[in-house]
1. For segment 33-82, enumerate the residues that are free of Cβ contacts under 8 Å to residues at least 24 places away in the same chain, outside any loop (DSSP other than H, G, I, E, B), more than 22 Å from Ala17 (Cα to Cα) and not charged (D, E, K, R).
2. Given the conditions (1) under 16 Å from Ser32 (Cα atoms); (2) surrounded by fewer than 16 Cβ atoms within 10 Å (Cβ to Cβ); (3) touching a strand residue (DSSP E or B) at 6+ places or on another chain (Cβ under 9 Å), which single one is not true for Gly76?
3. For segment 34-45, indicate whether the set of residues that are at pLDDT below 90 and among the small types (Gly, Ala, Ser) is non-empty.
4. Filter segment 9-29 down to residues that are within 12 Å of Gly55 (Cβ to Cβ) and under 13 Å from the mean Cα position of the chain (by Cα), then give me how many there are.
5. Would you check if Glu43 is surrounded by 14 or more Cβ atoms within 10 Å (Cβ to Cβ) and closer than 18 Å to Gly30 by Cβ?
Amino acid sequence: MGASPILFWHRANPDAAERFVRRIVERGEGLSKFPEMGRMVPELPGTGIREIIEGRYRIVYRVQTKAIQVLTVFEGHRQFPSGDIVG
């Protein structure tokens, strides 16, 4: 797996990296109010794992009893990183 976009952006443009992280956090906070707003991940049928899209990124998450667990964030044009998904 290559370097994360956040690390790359931070080196090239720290402000852009901070804006990106802020958007991801804001989307995650929105999930706390509406946890089922994301669609089921097509590559993981029957698992209950969901995703929302932010720009060209997929934010993959699991709804837990009292929390949202973000499992991975990756560029949508890349192959699904199933190795990043833990039990």
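1. Within segment 33-82, Met40 is the sole residue that qualifies.
2. Failing condition for Gly76: (1).
3. For segment 34-45, residues at pLDDT below 90 and among the small types (Gly, Ala, Ser): absent.
4. 4
5. Judged against the criteria, Glu43 is not a match.
The values are calculated or read from the model by the stated rules, or taken from the named source; none is laboratory data. These figures come from a predicted structure and were not determined experimentally. Here the Cβ is made from the backbone with ideal geometry for all residues, glycine too, and neighbour counts use every protein chain on show.
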